[in-house]
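A.B. asks: Got a structure here, written out as structure tokens. Questions coming.
Values quoted throughout were computed directly from the atomic coordinates according to the rules given, and no laboratory measurement underlies them. Since the structure is predicted, the reported quantities are computational estimates derived from the model, not experimental observations. Glycine gets a Cβ as well: all are built from the backbone with ideal geometry, and neighbour counts include every protein chain shown.
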Amino acid sequence: MNKLLWSKVSLISLATVMLWLKTYIVYQTSFEIKIENWTQEFILFINPLSFLMFVFGIGLFLKEKNQKRYILITSFLISAVLYGNVVFYRFFNDFLTIPVLFQTSNMSDLGSSVNELLNISDLLYFLDFFILLAIVKFKPPFVQYREYSKGNRRAFFLIAIAITFFNLGLAEAERPQLLTRTFDREMLVKNIGTYNYHIYDAFLQSKSSAQRALADGSELADIENYVRAGYNRPNDEMFGLAKGKNVILISLESTQNFVINQTVNGQEITPFLNDFIKDSYYFENFYHQTGQGKTSDSEFIVENSLYPLSRGAVFFTHSGNEFNATPEILNENGYFTASLHANNKSFWNRDIMYKSLGYQRFYSMIDYDIREDNSVGWGLKDKDFFEQSIQHLKDMPQPYYAKFITLTNHFPFQLTEEDRLIEPFDSDSNTLNNYFPTVRYEDEAIKNFVERLKEEGLYENSIIILYGDHYGISENHNKAMEQFLGKEVTPFVSTQLQRVPLIIHIPGQKGKTISTVSGQIDLKPTILHLLGIDTKKDIGFGSDLFAKDKMEFTVLRDGSFITKDYIYTRGICYDKKAEEPTDTNYCEPYMEKSKNELEFSDKIIYGDLLRFYENAKSIKE
Ligand code: GP9
Ligand code: MN
């Protein structure tokens with residue numbers, strides 16, 4: 001009897017079952033998939049199975065030698081995909097998408113980050129593959145090869161199909177409209193499994209390629225109506241206040257707002273910024289809205305007043321599109337426009353995308369003196385970056401629009417001993433611990449920069465705008481974060497943690513702290529209005545932060561949104577004052593709006609619709 005049972009174990013079923021169980025174990029150990037009930041746990045458990053059955057099932061049609069080869073190769077490839085997701089997740093707290101895989105020009109520069117993310121014990125992720133390899137080599141008697149009849153195959157695939165529908169049915173019941181609202185990859189992986197998710201992602205990819213070809217501009221009418229209806233008249237007192245002044249825009253790497261006016265081990269984390277905001281406009285409820293494109297997404301949002309994409313980085317996927325970005329508009333208004341960033345010029349495809357955005361000059365790695373003794377982590381230290389940039393600023397014709405992208409406060413938050421001005425935090429997460437000293441260092445670098453601007457006589461005729469690009473501490477560090485904040489990190493708190501600093505310093509203006517709910521998308525009209533340039537004809541989704549009737553409403557790329565009194569995230573409506581879930585009815589009025597905004601913005605990018613808008617404009621004028 002026993003012998004009979006064992007003799008039924010085939011390489012195909014062994015490979016399927018091992019990879020199935022491995023995937024489930026990886027879900028549990030390497031991703032943080034939030035499970036709310038037993039149905040969800042069950043869906044998570046079965047969701048890898050149907051895909052694996054289909055793929056390994058192809059082996060049923062192959063003769064012994066080819067079958068073995070096929071099973072081994074397939075098992076290795078699928079394991080590699082799973083492992084790729086694990087490594088990606090360690091840093092980005094997200095799953096891979098096809099566009100992300102094509103961002104190859106980013107790969108070579110990831111050096112210091114990747115080392116921190118890989119482990120020798122990671123070979124365990126390939127354990128089942130090694131077992132299969134041993135089985136094929138040593139041919140143990142309990143694994144048998146056999147020919148499969150038509151009937152066998154039919155039964156096998158019928159079962160696989162049944163499991164697929166069973167899985168989809170359960171998922172649809174748990175999460176209605178799963179596939180039509182795909183801003184949340186975790187939800188997808190949880191419900192249809194990581195492998196089916198990749199197939200779905202491939203489908204989205206082909207759909208997005210088709211979208212540009214099919215677009216003819218007729219889609220613009222609706223979008224224009226929507227944008228016009230939301231246009232806020234600029235504030236008369238602020239419009240043109242900085243006309244003709246230089247604009248110094250500083251992107252603060254991974255800087256979240258929770259460090260502002262906060263201490264660690266009794267010491268201020270951002271003493272300079274805490275001072276600086278006293279004579280600047282400081283927006284304390286300003287959110288980043290980035291997706292997978294991180295820094296590049298923040299640049300995209302800030303300069304186009306469009307949302308980034310839900311998958312991939314626009315800088316990579318749509319760098320050939322027609323845009324109407326701030327640098328281009330400022331060129332037309334007599335400004336010199338430059339971006340300064342001491343990294344490889346092709347990182348995030350900047351060298352290509354900057355041309356589409358209208359930049360006249362990109363000061364990249366080759367424009368800086370970068371040596372071992374002035375570098376740390378990702379490259380040139382911020383202090384040296386700013387110091388060396390002063391010369392570049394002096395070379396530029398005025399007025400200029402110069403964007404500075406800092407780098408030292410980047411994961412894995414490394415710092416040389418002499419640059420450490422405060423001690424790390426003490427928790428289980430080295431990432432969070434080391435974050436504070438690098439933020440402190442960044443603060444010092446900005447302080448020095450502002451001093452140098454004053455010395456060079458550039459301070460008084462420039463407006464300085466500082467903004468955080470995106471989060472630095474992902475949800476992987478929630479426990480340590482709870483320790484730091486002294487409270488539980490609920491989805492509500494997580495959303496609030498997506499606030500980043502926004503500081504606008506205008507010479508001669510006292511400034512004030514402004515609590516209006518706002519996002520990166522609002523910066524373009526705000527800056528242009530300060531310079532006295534109207535945006536009435538622009539197509540964008542932000543509004544002037546100084547406008548008297550600015551609506552308190554900000555959408556994040558995952559579909560969460562924030563209003564004056566409520567936060568909607570992960571399907572739950574929260575009352576901001578109570579920090580507790582409340583009746584969904586309160587969030588209802590904004591649901592449609594948030595969905596529309598993201599969809600309209602996506603349409604513009606996927607359809608490259610501004611190419612039609614540009615044409616329309618030049619015909620009209
Ligand atoms: C790289 C820098 C960091 O040039 O902008 O990018 P990030 O990893 O933060 O997107
Ligand atoms: Mn960044």
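A.B. asks: Cut-off under 27 Å on the C-alpha distance; same-chain residues fewer than 8 positions from Lys137 excluded. Which lysines are left, in chain and number order?
C.D. replies: The qualifying lysines are Lys3, Lys8, Lys22, Lys63, Lys65, Lys68.
A.B. asks: For the Cα atoms of the chain, what angle does the longest principal axis make with the long axis of helix 194-214, in degrees from 0 to 90, nearest 10?
C.D. replies: Helix 194-214 and the main axis of the chain meet at about 50 degrees.
A.B. asks: What fraction, in whole percent, of alpha-carbon pairs in the stretch 237-551 exceed 25 Å separation?
C.D. replies: It works out to 47 percent of all Cα pairs.
A.B. asks: Is there a pair in Lys207/Lys536; Lys394/Lys537; Lys487/Lys595; Lys355/Lys381; Lys550/Lys595; Lys512/Lys564 whose C-alpha atoms are over 23 Å apart, and which pairs would that be?
C.D. replies: Lys207/Lys536; Lys394/Lys537; Lys487/Lys595; Lys355/Lys381
A.B. asks: Quick one: Cα convex hull volume of the stretch 434-510, Å³ per residue?
C.D. replies: 114 Å³
A.B. asks: I would also like to ask the following. Taking 56 Å as R0, compute the FRET efficiency from the Cβ-Cβ separation of Leu101 and Glu455 and round it to 0.05.
C.D. replies: 0.75
A.B. asks: Taking N as the number of residues in the stretch 472-567, what is its alpha-carbon radius of gyration divided by 2.2 N^0.38 Å?
C.D. replies: Cα-based Rg divided by the globular estimate yields 1.29.
A.B. asks: So if I place +1 on the C-beta of Lys and Arg and -1 on the C-beta of Asp and Glu, and nothing else carries charge, what would the dipole magnitude of the stretch 11-211 be about its Cα centre? I want it in debye, nearest 20.
C.D. replies: 1060 debye
A.B. asks: Hey, another quick one. So how do 135-142, 199-206 stack up, highest first, on mean other-Cβ count within 10 Å?
C.D. replies: Top to bottom by mean Cβ count within 10 Å: 199-206, 135-142.
A.B. asks: While we're here: What is the Cα centroid distance between the stretch 241-291 and the stretch 551-578, reported in whole angstrom?
C.D. replies: Result: 22 Å between the Cα centres.
A.B. asks: Using only the Cα atoms, work out Rg/Rh for the chain, with Rh taken as the Kirkwood radius, to two decimals.
C.D. replies: Checking Rg against Rh, the ratio lands at 1.01.
A.B. asks: How big is the gap, in Å, between the Cα center of the stretch 140-178 and the Cα center of the stretch 456-489?
C.D. replies: Using only Cα atoms to place each centre, the spacing works out to 48 Å.
A.B. asks: A follow-up question, please. Between helix 588-607 and the chain, what is the angle of the helix's C-alpha long axis to the longest principal axis, kept within 0 to 90° and rounded to the nearest 10?
C.D. replies: 90 degrees
A.B. asks: Using a cut-off of 13 Å between alpha-carbon atoms, which aspartates and glutamates can reach Lys593, once sequence neighbours fewer than 8 places away in the same chain are excluded?
C.D. replies: Glu552
A.B. asks: Compute the acute angle (0 to 90°) between the alpha-carbon long axis of helix 382-395 and the principal axis of greatest extent of the alpha-carbon atoms of the chain; round to the nearest 10°.
C.D. replies: Tilt of helix 382-395: around 50 degrees.
A.B. asks: In whole Å, what is the distance between the alpha-carbon centres of the stretch 220-234 and the stretch 189-213?
C.D. replies: After rounding, the separation between the Cα centres reads 31 Å.
A.B. asks: If you don't mind, another one. How large is log10 of I(q)/I(0) for the stretch 2-151 at q = 0.09, 0.17, 0.21 Å⁻¹ when the intensity is taken from the Debye formula with one equal scatterer per alpha-carbon?
C.D. replies: -0.36, -1.07, -1.34
A.B. asks: Quick one: net charge around Tyr89, please, counting Lys, Arg +1 and Asp, Glu -1 for every other residue with C-beta under 11 Å from its C-beta.
C.D. replies: Taking every Cβ under 11 Å from that of Tyr89, the sum is -2.
A.B. asks: Ok, one more. Highest mean first, how do 249-255, 472-478 rank when packing is the count of other Cβ atoms within 10 Å averaged over residues?
C.D. replies: Descending packing order for the listed peptides: 249-255, 472-478.
A.B. asks: Can you tell me how the stretch 206-314 classifies by the Cα gyration tensor, rounded, prolate or oblate, using a/c under 1.5 as the rounded cut?
C.D. replies: oblate
A.B. asks: Another question, then. Considering Cα pairs under 8 angstrom that are at least six residues apart, work out the relative contact order of the stretch 307-381 and quote it in whole percent.
C.D. replies: 32 percent
A.B. asks: Follow-up. For the chain, what does the relative contact order come out to in percent, with C-alpha contacts under 8 Å and a separation of six or more?
C.D. replies: Across the chain, relative contact order equals 20 percent.
A.B. asks: So if R0 is 30 Å, what FRET efficiency would Ala173 and Ala578 give, r being the distance between their Cβ atoms, rounded to the nearest 0.05?
C.D. replies: The formula returns an efficiency of 0.45 here.
A.B. asks: Treating each Cα of the stretch 282-328 as an identical point scatterer and ignoring solvent, apply the Debye formula and state log10 I(q)/I(0) at q = 0.17, 0.18, 0.28 Å⁻¹.
C.D. replies: -0.48, -0.53, -1.07
A.B. asks: Identify all aspartates and glutamates with a Cα-Cα distance to Lys294 below 14 Å; exclude those on the same chain that are fewer than 8 residues away in sequence.
C.D. replies: Asp94, Glu253, Asp469, Asp558
A.B. asks: Out of Phe411, Thr97, Ile161, whose Cα points farthest toward the positive end of the dipole of the chain (charges: +1 Lys, Arg; -1 Asp, Glu; placed on Cβ)?
C.D. replies: So the residue we want is Ile161.
A.B. asks: Restricting to bridges with both residues inside the chain, how much of the DSSP beta-bridge set is antiparallel, in percent to the nearest 5?
C.D. replies: The antiparallel fraction comes to roughly 50 percent.
A.B. asks: Please report, in debye to the nearest 20, how large the charge dipole of the chain is about its Cα centre when each Lys and Arg carries +1 at its beta carbon and each Asp and Glu carries -1 there.
C.D. replies: 2840 debye
A.B. asks: Helix-only estimate, please: 222 nm mean residue ellipticity of the chain, summing -39500 (n - 2.57) across DSSP H runs of length 4 or more and dividing by its residues, to the nearest 500.
C.D. replies: -14500 deg cm²/dmol
A.B. asks: Could I ask something else about it? What are the radius of gyration and Dmax of the stretch 292-390, computed over its Cα atoms and given in Å?
C.D. replies: Rg, Dmax (Cα atoms, Å): 14.3, 41.
A.B. asks: What is the extension gain from Lys536 to Asp428, computed as 0.36 nm multiplied by their sequence separation minus the C-alpha to C-alpha distance, in nm to one decimal?
C.D. replies: 33.8 nm
A.B. asks: Further, regarding this structure: Students often check this: by mean Cβ neighbours within 10 Å, which of 264-277, 551-564, 34-47 ranks highest, and how do the rest follow?
C.D. replies: 551-564, 264-277, 34-47
A.B. asks: Let me ask something additional. By counting other Cβ atoms within 10 Å of each Cβ, how are Tyr471, Tyr145, Tyr441, Tyr287 ranked from fewest to most?
C.D. replies: Tyr145, Tyr471, Tyr441, Tyr287
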